[in-house]
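Below is one structure; the comments refer to it alone.
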Amino acid sequence: MCIQSIAAFVLSAALLATTALGQVTTLEQPAPAAALISYPHATEPIGSVREIYDGVLSPEMAVNTFRNIDRLFHTRTVPRSVEPMPLPPAEIPLVNVSFHDGDKRYDLIDYLYVNKISALLVLKEGRVKLELYRFGNSPQTRWMSMSVAKSITSTLIGAALKEGFIESLSDDVTEYVPALAGSAYDGVSIRDVLMMASGVGWSEEYTDSASDRRRLLEAQISQEPGGALAVMKSLSRVAEPGTLNNYNTGETQVVGEVLRGAIDRPLATYLSERIWSKFGMESDANWWLESEDGIEIGGSGFSATLRDYGRFGLFLLNGGIADGETILPAGWIHEATTPKVLKGGTPLEYGYLWWTGTTPSSREDGAYMAMGIHGQTLYVNPVAKVVVVAWGARPEPMAEDIIDDWLFCDAVAESLE
């Protein structure tokens with residue numbers, strides 16, 4: 001499947017390309033603030049959160065649900081800026097990109113169709129090189145982040161460290177979450193949980209109703225205060241802290257609890273105060289809560305517009321400075337987004353809740369990515385000064401036979417040099 005000539009015609013002419021679920025729409029001018037327009041998807045039928053994780057939604061219902069996740073649980077608003085940051089169009093737009101994944105050659109349209117991309121934004125030095133929406137999405141659409149939220153939570157840890165709410169990443173998590181004292185998290189540092197290396201046992205299988213990940217989800221479904229923390233307290237230790245990496249969404253809930261204990265305010269409020277409102281996000285975001293008026297879900301459930309995810313990438317690309325204020329500690333972005341070494345010397349291709357580059361090009365440029373199931377990505381390349389945001393609409397949490405997102409983003413960055 002390679003239709004480069006069709007891709008160039010469709011995108012350069014800014015026409016509509018009909019798909020089984022909707023349309024591709026390209027934009028060349030900034031859209032009005034989403035706050036001025038009522039949410040366009042509010043009355044759509046949606047599925048359940050269990051159906052999301054089971055991967056049983058139809059493609060149409062998956063799209064509806066992914067842009068309405070604030071209807072699944074109680075949420076807290078992340079207020080926008082009163083002065084939105086402009087995202088002006090680039091003089092020369094990105095029309096197409098060509099690359100190889102193994103022995104197969106792909107282009108932009110292949111990526112959109114094979115990976116079921118529902119929206120895509122490419123920024124180069126803060127200017128819009130490409131912005132398109134499919135399946136009825138628009139600049140007003142808020143889309144779920146899934147585990148992209150983990151990287152946002154990690155960034156808030158950096159902000160709290162800069163302000164002195166957290167003294168050191170070497171501090172034990174129980175200093176900020178006393179309820180975990182006496183659990184497997186005794187002696188676990190903040191740095192350990194940021195690397196998902198607490199040594200606490202965990203199974204992350206999304207479609208297995210008996211997994212720890214699904215136990216955490218069921219605790220959230222119950223909407224009982226303290227339910228998520230109770231799941232984390234029940235776990236057993238399987239390795240010494242800092243010695244073994246095991247992907248663990250519950251670990252990010254512990255990070256969220258550390259943040260809440262350190263800053264003494266909701267995570268959504270702190271995100272707005274330090275980044276969202278200060279950096280010029282044009283729309284309110286929202287964030288799932290463990291229970292009504294409870295703590296945010298540290299590893300999932302954040303929902304925002306495409307451009308505001310792009311602005312979050314620009315915040316990092318620009319050194320973590322917002323409204324003239326340095327929000328993150330010196331060197332934090334590099335430390336958080338580069339590979340680590342576990343205790344004992346084992347190398348770890350992971351940062352502080354950020355994925356580090358897996359391809360030669362991404363490693364050379366120090367590119368990093370926030371990634372979520374169902375195909376959510378936020379790619380930042382500090383050398384090329386490129387940010388790519390892609391919303392996936394794949395019904396299955398971990399779909400196979402897809403195009404490598406790193407290869408696509410590398411090709412975009414290289415085409416814009």
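The values are calculated or read from the model by the stated rules, or taken from the named source; none is laboratory data. None of these values were measured; they are calculated from a predicted model. FYI the Cβ positions are ideal-geometry reconstructions off the backbone, even for glycines, and counts take in every protein chain you see.
Side notes on the structure shown:
- Qualifying residue in the range 143-166 (condition: part of a loop (DSSP other than H, G, I, E, B), under 22 Å from LYS233 (Cβ atoms) and more than 21 Å from the chain's Cα centre (by Cα)): yes
Residues are listed down the side, and each one gets a yes or a no for (1) more than 30 Å from PRO225 (Cα to Cα); (2) outside any loop (DSSP other than H, G, I, E, B); (3) hydrophobic (A, V, I, L, M, F, W, C):
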site: ASP70; (1), (2), (3): no, yes, no
site: PHE73; (1), (2), (3): no, no, yes
site: ARG80; (1), (2), (3): no, no, no
site: PRO93; (1), (2), (3): yes, no, no
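- Residue list for the range 95-119, restricted to those being out of contact with any helix residue (DSSP H, G or I) (no Cβ under 7 Å at 6 or more places or on another chain), part of a loop (DSSP other than H, G, I, E, B) and at pLDDT 95 or above: ASN115, LYS116
- Listed by first and then second residue, the pairs with beta-carbon distance under 9 Å, at least 6 apart or on different chains, first residue in the range 156-171 and of a type in the set (Ser, Thr, Tyr), second assigned to a helix (DSSP H, G or I), are SER168/LEU161; SER168/ILE190; SER168/ARG191; SER170/ILE190; SER170/ARG191.
- Contact map, the range 256-272: first residue at positive phi, second residue assigned to a helix (DSSP H, G or I), Cβ cut-off under 9 Å, separation 6 or more or different chains; the map is empty.
- For GLU290, the conditions (1) touching a residue at least 12 places away in the same chain (Cβ under 8 Å); (2) within 29 Å of VAL128 (Cβ to Cβ); (3) touching a Gly at 6+ places or on another chain (Cβ under 8 Å); (4) not aromatic (Phe, Trp, Tyr) all hold with the exception of (2).
- Pick from the range 95-120, criterion of a type in the set (Gly, Ala, Ser) and touching a residue at least 12 places away in the same chain (Cβ under 8 Å), ranking: farthest from ASN137 (Cα to Cα): SER98
- Residue check for ILE221: farther than 30 Å from SER81 by Cα and in contact with a Lys or Arg (Cβ under 8 Å, 6 or more places away or on another chain): yes
- Checked against (1) among the polar types (S, T, N, Q); (2) in a helix (DSSP H, G or I); (3) under 15 Å from THR75 (Cα atoms), SER300 passes all but a single condition, namely (2).
- Scanning the range 355-374 for residues that are over 12 Å from ASP405 (Cβ atoms), touching a helix residue (DSSP H, G or I) at 6+ places or on another chain (Cβ under 8 Å) and touching a residue at least 40 places away in the same chain (Cβ under 8 Å) gives SER361, ASP365, HIS374.
- ILE52 being of a type in the set (Val, Ile, Thr) and over 21 Å from the mean Cα position of the chain (by Cα): no
- Residues that are among the polar types (S, T, N, Q) and either closer than 19 Å to PRO241 by Cβ or surrounded by fewer than 23 Cβ atoms within 10 Å (Cβ to Cβ) (or both), drawn from the range 147-181: SER147, SER154, SER168, SER170, THR174
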